[in-house]
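Please read the structure below before turning to the comments.
The values are calculated or read from the model by the stated rules, or taken from the named source; none is laboratory data. These numbers were taken from a predicted model, which means no experiment stands behind them. So basically every Cβ, Gly included, is an ideal-geometry build from the backbone, and we count neighbours across all protein chains shown.
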Amino acid sequence: MLTHPVPKAAQGTVLVAMAAAALLIAQHVAGRALRDALFLSSFPSTVLPRAMLAAAAVGLASVLGAARLMARFGPGRVIPALLLASAALHALEWQLLGMVPRAAVLITYLHVSIIGGIAVSGFWSVVNERFDPHTVRSIAIRLGVGLATGGMLGGIAARSFSSAYGLRPMLLALAASSAVTALGVRGVSAGSSALETSESQPPEANSETSTTYLGFMAALVTLTGLASAVVDFTFKASVSAEVASGPALVGFFALFYMVVSVVSVVLQLTLARWVLGRFGLGVGLASVPAAVVALGTLGIALPATWVMVLLRGSGVVLESSLFRAAYEPLYAPLPVAQKRAKKTLIDVACDRLGEALGSGAVLVGPALVGTALGTRLGLGVAVVASAAAAWVAMRLERGYVGELAASLRSGRVTLDTNEVKDATTRLTLSQTQLEIDRGALLRQMESFRGGKSPVPKPKPASELLRALESGDPERINRALLAEPLDKDYASLVIPWLERDETVEAAVVALRRVATKIPGQLVDALLDEERPLRLRRRIPRVLRTAAHPRVVRGLSEALTASEPELRLRSALALRDIALGTPELSPAPRVVLDAMARELELGHEGMLDRIFTLLGFVVDREALELSLRALSFDDEKLRGTALEYLEHVVPEPIRGGIWPHLRAGRDPQEPQQRTPAQIAAELRRSLG
């Protein structure tokens, strides 16, 4: 993964986000350890699936309410308020535990099961609204380290606190940590759209593919939630059969979560960045399902406690490291309104749905085939669901790139020449704004015909010959525009491309017969003994000639020693491919040409490479991303960088990345004189 330095103004916010993430997951881990210990100390493990179903049902209603609130008021307001309410509820549970213990245990189980998922999902919503897509993916590893560190600290605190003071006082500690976390999340939200209400949000168009994309995300979360519920129950049932007492259970679960958190931190700091950078988001998303498939199959053959501990532990480790770092950036390209409306529903409601399905499988299996075979049957369901989740994960990576492109097309990247600050974007503008309009050119050529009718009467071919022999530019221009050029005279007209006075008329005349004489034009293009000025202008003639011989010749010109000739040949190929896609140069030819540009490293390298890139990636999204790179808006620039990082092939990406000003402070636009602008126009036009 290529690094994208966090803007200096946001570095402090990233540190606050890491601290908030650590606090959030620490209380989440400690709360789950306390929840499980209280429940398994008060009820038999056979009641656990029913509690899981109840938590899923209540959680679904809670999630719907939380999603509506976040869509209305923004996650920056809702999540801190939710954490403060959670702190108050923990204090109430502390009071109830001394009065009605079993009721307090059930309330605590439902509370911890529901609030944790909503809070974690909402925290990531705040992060996604605070930073641009590329920064989100870059800091996801750092935040993952914060989450894993928090899990480790939470496990240590739960184990130490419960041993020293017992289970009940832990509820007060959780209340205090929830209040502090609320302040941290509010600090991350400061200055971002996360604090804006829906009325203050500008309307944003949803992408055409977003429904399918979100559907795949919902399927992934549901399938992984199903598998996780089955694995979690099997793990807890195996542990509770061997560890009976409440404090011992808290100690075991705290130690378990502490160990997996330590492993998660190590994985984050060592392999996570390399794996995601080398293999992409799809592999990160598929990491948890793949582990369940492998170890779940082992558990079916050997249902020992240590296998269940390893199965559950690997899932928690990968979920908090690779999976989370790959999953959360998936929301970054989506419009804010759509993100708010769907993220919590997908993250939590779909997870609860999967949990309900998994709990149902756990309940039905033993009833049908007995306890021993029921465990194996449940693991079999988890393995099948995980295999399907792995397939969905690989599809999501392609959807992510499509959403990045859609976000660039959505109108948030606009064409404003006043904001253009770099050569690459200026080239893009020249390609879109200064491209020769054929109608305008013909109107310009009217002056050479003395204002005569645009459809002149045919004249004898000898008139052209006499005009060429005279050497008079005005007379030659009139003759060339007076009638269609006879292909037999093309070889006599080609040399006049070199003259500034006759180039426009010669281009018009030769374009009319270009598909009839592709060999002559290509030979002139590749002939190094011809004047360079003439060779540079031949691609303007060929750009309208949809002929295989022309494509082969222009592709060969991509290897020319002269940089400007290579650029103009690439532009001509682009225009041919736009009109006749089947004549696009082969991807291998394009990749080789880009690699050659990197190797030569001449001035204007980026201009030529990005022109060539248009053959292998979405050309419109590419041009929009290049424009966005010149803007001061960090979110637009980050979206563009994220898109480019995913679509530009290696090793091209590594070679051009230092030249894209990734992470650098915007520079003042270069002031140009009218003479310089005119010179650029002449260069663009030939």
Practice task
Please find, among Val120, Val105, the residue that is among the β-branched types (Val, Ile, Thr), within 30 Å of Tyr331 (Cβ to Cβ) and touching a Leu at 6+ places or on another chain (Cβ under 7 Å).
Solution key: Val120
Handout entry: Boolean, Ala628 is under 29 Å from Leu276 (Cα atoms) and at pLDDT below 75
Key = no
Practice task
With the condition kept exactly as written, say whether any residue in region 46-69 is under 21 Å from Val180 (Cβ atoms), of a type in the set (D, E, K, R) and modelled with pLDDT of 80 or more.
Solution key: no
Exercise for the section: Any residue in region 642-662 that's surrounded by fewer than 15 Cβ atoms within 10 Å (Cβ to Cβ): show its pairings with residues that are of a type outside the set (Gly, Ala, Ser) and in a helix (DSSP H, G or I) at Cβ separation under 6 Å, as long as the two are six or more apart or on different chains. Expected result: His659/Leu606
Practice task
Check region 390-401 and report whether any residue there is under 20 Å from Leu48 (Cβ atoms) and either in contact with a helix residue (DSSP H, G or I) (Cβ under 8 Å, 6 or more places away or on another chain) or modelled with pLDDT under 85 (or both).
Solution key: no
Practice task
Would you mind stating whether Gly74 is at positive phi and either touching a helix residue (DSSP H, G or I) at 6+ places or on another chain (Cβ under 8 Å) or acidic (Asp, Glu) (or both)?
Solution key: yes
Practice task
Scan region 525-544 for residues that are without any contact (Cβ under 8 Å) to a residue 40 or more places away in the chain, of a type in the set (A, V, I, L, M) and surrounded by 22 or more Cβ atoms within 10 Å (Cβ to Cβ) and report the count.
Solution key: 1
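Could you check, for region 97-116, whether at least one of its residues is of a type in the set (Gly, Ala, Ser) and either in contact with a Pro (Cβ under 6 Å, 6 or more places away or on another chain) or surrounded by 24 or more Cβ atoms within 10 Å (Cβ to Cβ) (or both)?
no
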Practice task
Pick out the one residue from Ala560, Ala509, Ala545 that is under 27 Å from Pro587 (Cβ atoms), touching a Pro at 6+ places or on another chain (Cβ under 9 Å) and either assigned to a loop (DSSP other than H, G, I, E, B) or of a type in the set (A, V, I, L, M) (or both).
Solution key: Ala545
Completion exercise
Among helices (runs of 4 or more DSSP H) completely within region 210-322, the ones holding 1 or more residues that are under 24 Å from the mean Cα position of the chain (by Cα), of a type in the set (Ser, Thr, Tyr) and at pLDDT below 90 are 210-240, 246-267
